[in-house]
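A short worksheet on the structure shown next.
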Amino acid sequence: MSKKVLIAAPVHHVLTDWLNANGYECIVNEKITQAEAHSIVTDCVGIITSTRLLIDKELIDVAPDLKWIGRMGSGMEVIDVPYATAKGIDCYSSPEGNRNAVAEHLLGMLLSLNKRIIKSNNEVKQGDWIRDANRGTELEGKTIGIIGFGNTGRALARKLSVFDMQILAFDKYVSADYPEYVEKCNDLNEIYEKADIVSFHVPLLEDTVNYCNADFINKMRKPFIVINTSRGEIMNISDIQKGLENKKICAACIDVWPQEPLEKMDANTKDILLKIAQKNNVIVTPHIAGYSHEALYKMSKVLLDKIVIKR
């Protein structure tokens, strides 16, 4: 009897080809619901997911044969890792696979914002040729604070190192191995004092929910650009909106939002998003930073390598 694996996320065929060739039966359902998963996983040995499924105690308990769970991308908050681990289930993520995609996307948003590329391009499409009002701002000489110095934070710092910026990094869990072009911060005070730009690269944990809130914003000495490509819940979106309105936040690049996608948002959350997205000093993208064509292959290959090593 074949070993069943639920594939509940877009994956590259490098992963499914190997599974199929090695005696696994892949049940591919990228749009599966939580209820459907409960009936499908009963005889599965593996699950590949992204953010669609909550791999909680209830789902794990109806899958007695489950041996491993693979997460496309980073962010293990969708998996009850302690409970799974206690039951002998291996849990894998693949942040190595999309860290470059996130860093490139973030850099693209930041440059587009600072150089007013999207705004001026839209004006030209409408027949307006406006130069003075679209004068850009350079990254050279600016200070960025990177909060969270894991895979994506490091990838971003490496790319920014050629822009002659001051790069500050704070991570409460990472104490060593900072490259020479990054200044390690032991707390947030130096970022509050110096940063022109703050970029968040933290997992969604109890102490990171609403991390960027009114208190954080008010502690920043200068108006700053806020960037979030990690998890939408780390921002208090009402406080972000107020910060933009009172100019404590001078601009924003946002790829993630609470209650994604649009159709799952409550009325207030959706209203704030649509209002913020209309601003010329804001770029919002629909959670695509780590979703490049190349990242799909890389994440699938990273998961495959980790699964194969343990089998």
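Testing VAL282 on (1) more than 26 Å from CYS250 (Cβ to Cβ); (2) surrounded by 14 or more Cβ atoms within 10 Å (Cβ to Cβ), one condition comes back false. Which one is that?
If we test VAL282 against (1) more than 26 Å from CYS250 (Cβ to Cβ); (2) surrounded by 14 or more Cβ atoms within 10 Å (Cβ to Cβ), just (1) comes out false.
Quick one: what pairs do we get from segment 227-239, first residue buried (at least 21 other Cβ atoms within 10 Å of the Cβ), second among the hydroxyl-bearing types (Ser, Thr, Tyr), C-beta under 6 Å, 6+ apart or different chains?
From residues that are buried (at least 21 other Cβ atoms within 10 Å of the Cβ), the pairs are ILE227/SER199; ILE234/THR208; ILE234/TYR211.
Kindly indicate whether LEU6 is modelled with pLDDT of 95 or more and either buried (at least 18 other Cβ atoms within 10 Å of the Cβ) or acidic (Asp, Glu) (or both).
Here the answer is yes, as LEU6 does meet what is asked.
Show the residue pairs that are 6+ apart or on different chains and have beta-carbon atoms under 6 Å apart, the first residue being within segment 284-311 and over 17 Å from ILE69 (Cβ atoms), the second being crowded, with 21+ Cβ neighbours inside 10 Å and acidic (Asp, Glu).
Note: pairs meeting the criteria are THR285/ASP255; HIS287/ASP255; ALA289/ASP255.
(1) surrounded by fewer than 20 Cβ atoms within 10 Å (Cβ to Cβ); (2) touching a helix residue (DSSP H, G or I) at 6+ places or on another chain (Cβ under 9 Å): which one isn't true of ALA295, the others all being true?
(1)
Residue by residue through segment 251-279, note down the ones that are loosely packed, with under 12 Cβ neighbours inside 10 Å, of a type in the set (S, T, N, Q) and part of a loop (DSSP other than H, G, I, E, B).
GLN278
Which one of the conditions (1) in contact with a strand residue (DSSP E or B) (Cβ under 8 Å, 6 or more places away or on another chain); (2) over 20 Å from PRO286 (Cα atoms) does ILE227 fail to meet, given that it meets all the rest?
The one condition ILE227 does not meet is (2).
Can you work out which of the residues in segment 253-283 that are free of Cβ contacts under 8 Å to residues at least 24 places away in the same chain and over 25 Å from LEU54 (Cα atoms) is nearest to the chain's Cα centre (by Cα)?
ALA277
Just need a number here: residues in segment 201-250 that are acidic (Asp, Glu) and either assigned to a helix (DSSP H, G or I) or under 20 Å from LEU274 (Cβ atoms) (or both).
Adding up the residues that qualify gives 4.
Any residue in segment 136-155 that is surrounded by 16 or more Cβ atoms within 10 Å (Cβ to Cβ), in contact (Cβ under 8 Å) with a residue 60 or more places away in the chain, among the small types (Gly, Ala, Ser) and not assigned by TED's automatic domain parsing to the domain that holds LYS279? Steps first, answer last, please.
Taking segment 136-155 and keeping what is surrounded by 16 or more Cβ atoms within 10 Å (Cβ to Cβ), we get 139, 142-155.
The next check asks that each one be in contact (Cβ under 8 Å) with a residue 60 or more places away in the chain; those that pass are 147-148, 150-152.
Filter once more, so that each one left must be among the small types (Gly, Ala, Ser): 148, 150.
Applying the additional criterion that residues be not assigned by TED's automatic domain parsing to the domain that holds LYS279 yields none.
Among the residues of segment 136-155, not one is surrounded by 16 or more Cβ atoms within 10 Å (Cβ to Cβ), in contact (Cβ under 8 Å) with a residue 60 or more places away in the chain, among the small types (Gly, Ala, Ser) and not assigned by TED's automatic domain parsing to the domain that holds LYS279, which makes the answer no.
Mind checking which residues of segment 89-141 are charged (D, E, K, R) and under 22 Å from the mean Cα position of the chain (by Cα)?
GLU96, ARG99, GLU104
The values are calculated or read from the model by the stated rules, or taken from the named source; none is laboratory data. Note that the structure is predicted; figures quoted are calculated from it, not measured. Counting neighbours? That spans all protein chains shown, and the Cβs are built from the backbone with ideal geometry, glycine included.
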